[in-house]
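What follows is calculated from the coordinates using simple rules that are stated; it is not laboratory data. Everything quoted here is computed from the prediction, not taken from an experiment. Counting neighbours? That spans all protein chains shown, and the Cβs are built from the backbone with ideal geometry, glycine included.
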Amino acid sequence: MNFKTVAFERSFGISSQLTESTLPEIAFAGRSNVGKSSLLNKLFNRKGLAKVSSTPGKTATINFFSTDDARFVDLPGYGYARVSKTEHERWAELIEGYFNQERNFALVCSLIDIRHPASALDENMVRFLQDAQLPYLIVLTKGDKLSQQKCNQQRSALRKQLSIDDDTPMVITSSLKGSGIDNLRREIARFVENGPRNL
Ligand SMILES: Nc1nc2c(ncn2[C@@H]2O[C@H](COP(=O)(O)OP(=O)(O)OP(=O)(O)O)[C@@H](O)[C@H]2O)c(=O)[nH]1
Ligand SMILES: [Mg+2]
C-alpha cells in the first residue's frame, strides 16, 4: 500500500447514491470535531484533501477518496448537538446506509478524542463494530494535547471502558505533530493485505 497518490472521488448526501464498492474500503468514524478529516490529510500529507474546520459538523456527507489499491471513506461526524432533527436523520441514514450495504469493508477506524472518556455515542459506535464483527481499530486523536504518560493512561482506561480486546490496535495520533501516523499507516496496510472480512 502506498500513501503517495490519492484523489478525491465523490461526495454523497444519501446512501442510495453510494457507488459500488470496487476497492477495499477504510472508513473513518467518530464524533464531530474529533479529527477525521485532519487525520486523512495527514495520512497523505495533503493539507486540503478533506475539509477541516474548527466548527463541528463540517463533514455532512460521505466522502470517498481513492488510491490505486484502496478507498478511504470520510464519514460524517456524530453527536453534534446543534444540528436540526432533519440533519440528524440524514446523518443516521448515511451511516446506517453505508454499513448496511454489501461493501468491501477492509477496516473501520473508530476515532476517539484521547482527552476524555468515550461518550455514549462512541460506546454505541464501538459496540456496533464489535457486534457486526467488522474489522476495526481505535485511533485516539489529539495526542499532542496530553503528556505521553497521560496518553498511555487514557489508552488503558478507554480499552477498559469500551471492552476492546488486546488484539485490537489502539493507535495514538496527532495530526498536528504527526506522531503515530506511520504506525497507523502500517496498521491500515496490514488490514488491507489481510483482505476483506466475509460477513
Ligand atoms: N491539537 C490538535 N488538533 C486537532 C488534531 N486533529 C484535528 N484537530 C483540530 O480539531 C478540529 C476538527 O478537526 P476536523 O478534522 O475537521 O474534525 P472532523 O472529525 O473531520 O469533524 P466533522 O467533519 O465535523 O465531523 C480542527 O480545528 C482541527 O485543527 C490533532 O491531532 N491535534
Ligand atoms: Mg470532517
Geometric extent, Cα atoms of segment 7-194 - Rg, Dmax (angstrom): 15.4, 45
Aspartates and glutamates whose Cα lies under 12 Å from that of LYS36, excluding same-chain neighbours fewer than 8 positions away: ASP74, ASP113
Translational diffusion of segment 112-199, µm² s⁻¹ [Kirkwood Rh, Cα pairs; Stokes-Einstein; 37 °C; 0.692 mPa s]: 240 µm²/s
Restraint check, LYS4/LYS150; LYS4/LYS145; LYS47/LYS85; LYS4/LYS51; LYS4/LYS47, Cα-Cα greater than 22 Å: LYS4/LYS150; LYS4/LYS145; LYS47/LYS85
Helical contribution to [θ] at 222 nm, DSSP H n ≥ 4, -39,500 (n - 2.57), averaged over the chain, rounded to 500: -10000 deg cm²/dmol
Exposed-site-free run, longest, the chain (rule: GluC sites (Glu not before Pro); DSSP loop; at most 16 other C-beta within 10 Å): 103-199
